[in-house]
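First the structure, which I've put down as structure tokens, then a few questions once you've had a look.
The values are calculated or read from the model by the stated rules, or taken from the named source; none is laboratory data. Since this is a predicted model, take the numbers as computed values, not measurements. All Cβ positions, glycine included, derive from the backbone under ideal geometry; neighbour counts span all protein chains shown. Just so you know, the surface numbers come from the protein's heavy atoms only, side chains and all, with ligands and any DNA or RNA stripped out. Shrake-Rupley method; radii C 1.70, N 1.55, O 1.52, S 1.80 Å.
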Amino acid sequence: MVKNKKLLTLTVMAIALIQMPTLALNPAIQQIQADVFPAYTLAQVQTAMSLASFVSPCMAVVSAILVNTRVLSKRNVLALGLFILAATGVLAMLLHTQFWHLILLSIVLGCATGLFLSNAFGLVFDYYEANEREAVAGYQTSCVNIGGILMGILGGILAKAMWYGGYLLLLLGLPIGILVLIAVPNRKAPVKDKTAAKRGIFAGLPGRVFYYSLCVLFFMMIYSVCGANISTHIKDFGDSVAAGFASSAGMLGGVVSGVVFGRISQKFKDFTQVIAAICIVIGMTIISFAKSMPLVYLGVFINGMSLSLMMPRCIFCVSTLVNESTSATATAIVSSICPSLGGFLSPVVFTNLTVALGGDSTVFRYRFVAGVTLVFAVFLTVMALIQKKHGTEIDGRA
């Protein structure tokens with residue numbers, strides 16, 4: 001099925017390294033608002049930059065249609081997304097003086113991620129045997145976190161030289177896209193049964209799929225507050241480089257919790273989600289009181305641990321609730337659509353709400369969101385207790 005599986009594995013890992021491109025852009029948010037577009041509020045700048053998270057799920061749906069209707073192979077859609085990612089970097093070099101340029105860059109970036117992210121996850125299921133997937137998926141997760149660390153550090157360094165410097169890292173999409181065309185077989189999706197094709201895309205999905213998906217959506221709304229506000233929060237004692245290192249500290253937290261996720265998930269089951277929420281409460285509280293970068297790094301590290309607890313737990317639970325005919329739709333919802341919408345809605349809801357309640361203070365914003373997350377943790381605890389009482393807990397190891 002695959003002539004050179006080692007090259008395919010290298011390709012999967014290379015794609016994983018750039019699966020979190022927004023981390024390269026977050027360190028420049030304060031600089032963009034204060035120095036480049038001072039006429040616009042922080043909420044407006046954050047919303048413009050989060051447009052990618054709004055466009056991405058729309059393009060993920062388009063991607064699925066293109067693949068399922070056999071218009072394009074998964075390989076070609078994946079390569080197209082990576083080439084558009086590289087085009088975003090080129091556009092940033094040419095268009096970076098007007099606010100609408102920022103909006104355009106976010107839209108193009110959203111198109112790119114919507115095309116290549118969901119298909120990148122699909123490669124593991126398409127081209128590896130069942131006994132290989134766990135190892136490959138583990139390596140893939142490690143590369144996502146390592147890439148996030150590098151994106152955050154390099155994005156912060158480049159932003160200090162030019163505000164759009166982080167976008168230049170997106171040029172990596174070009175060589176990786178070429179690698180995809182070489183390593184991934186050009187195989188179109190199998191022809192679907194006509195009766196199955198007429199069924200609605202949500203047909204047959206258990207209600208709990210939507211529960212876990214909504215948990216992911218709200219979690220990403222909360223989680224995204226940390227990265228989107230960190231450069232503004234540290235403006236008095238840190239620069240874009242420090243903000244980049246802070247973003248990387250969050251990803252490092254994800255690496256640490258990801259290593260032990262399997263054991264935590266197996267032991268605590270849905271209480272794993274509660275642990276993830278508590279990590280955010282502790283992390284954001286520390287950040288709100290921090291007056292120096294070491295404390296900020298600690299808070300962001302603890303906050304980052306939540307990502308590799310909540311996301312894989314919800315995705316794993318969904319995978320046990322669906323079958324072959326419903327897995328594609330369920331996976332798209334929980335791993336692409338809901339995380340992207342959560343990232344987009346985060347500044348729209350929390351930045352505007354906290355500005356209305358407490359002004360521009362990021363200290364208040366972090367403490368407010370920590371309080372909201374504490375309420376979320378209580379809700380998750382109640383739901384976990386209900387499932388434990390009724391014997392509907394999902395066991396197993398991701």
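For the stretch 261-276, state whether one or more residues are polar (S, T, N, Q), surrounded by fewer than 20 Cβ atoms within 10 Å (Cβ to Cβ) and touching an Asp or Glu at 6+ places or on another chain (Cβ under 9 Å).
Yes, that holds for at least one residue.
Taking the condition under 30 Å from Trp163 (Cα atoms) and either in a loop (DSSP other than H, G, I, E, B) or without any contact (Cβ under 8 Å) to a residue 24 or more places away in the chain (or both), does Leu252 pass?
no
Does the stretch 365-394 hold any residues that are farther than 26 Å from Phe54 by Cβ, open to solvent by 50 Å² or more (accessible area, probe 1.4 Å) and touching a Ser or Thr at 6+ places or on another chain (Cβ under 9 Å), and which are they?
Result: Arg367, Ile386.
Taking the stretch 218-248 as the region of interest, how many residues are of a type in the set (A, V, I, L, M) and surrounded by fewer than 22 Cβ atoms within 10 Å (Cβ to Cβ)?
Here the count works out to 2.
Considering only the stretch 326-398, give the helices (runs of 4 or more DSSP H) lying wholly within it that have at least 3 residues that are closer than 14 Å to Asn229 by Cβ.
Helices (runs of 4 or more DSSP H) meeting the threshold: 352-358, 362-389.
If you go through the stretch 89-137 one residue at a time, how many are at pLDDT 90 or above, over 22 Å from the mean Cα position of the chain (by Cα) and either assigned to a helix (DSSP H, G or I) or buried (at least 17 other Cβ atoms within 10 Å of the Cβ) (or both)?
Counting residues in the stretch 89-137 that are at pLDDT 90 or above, over 22 Å from the mean Cα position of the chain (by Cα) and either assigned to a helix (DSSP H, G or I) or buried (at least 17 other Cβ atoms within 10 Å of the Cβ) (or both) gives 7.
Say whether the condition of being assigned to a loop (DSSP other than H, G, I, E, B), closer than 18 Å to Arg367 by Cα and under 19 Å from the mean Cα position of the chain (by Cα) is met by at least one residue in the stretch 258-281.
Checked against the condition, which is being assigned to a loop (DSSP other than H, G, I, E, B), closer than 18 Å to Arg367 by Cα and under 19 Å from the mean Cα position of the chain (by Cα), the stretch 258-281 yields no hits at all.
Looking at the stretch 138-160, which of the residues that are among the small types (Gly, Ala, Ser) and under 28 Å from Gly262 (Cα atoms) is surrounded by the fewest Cβ atoms within 10 Å (Cβ to Cβ)?
Result: Gly138.
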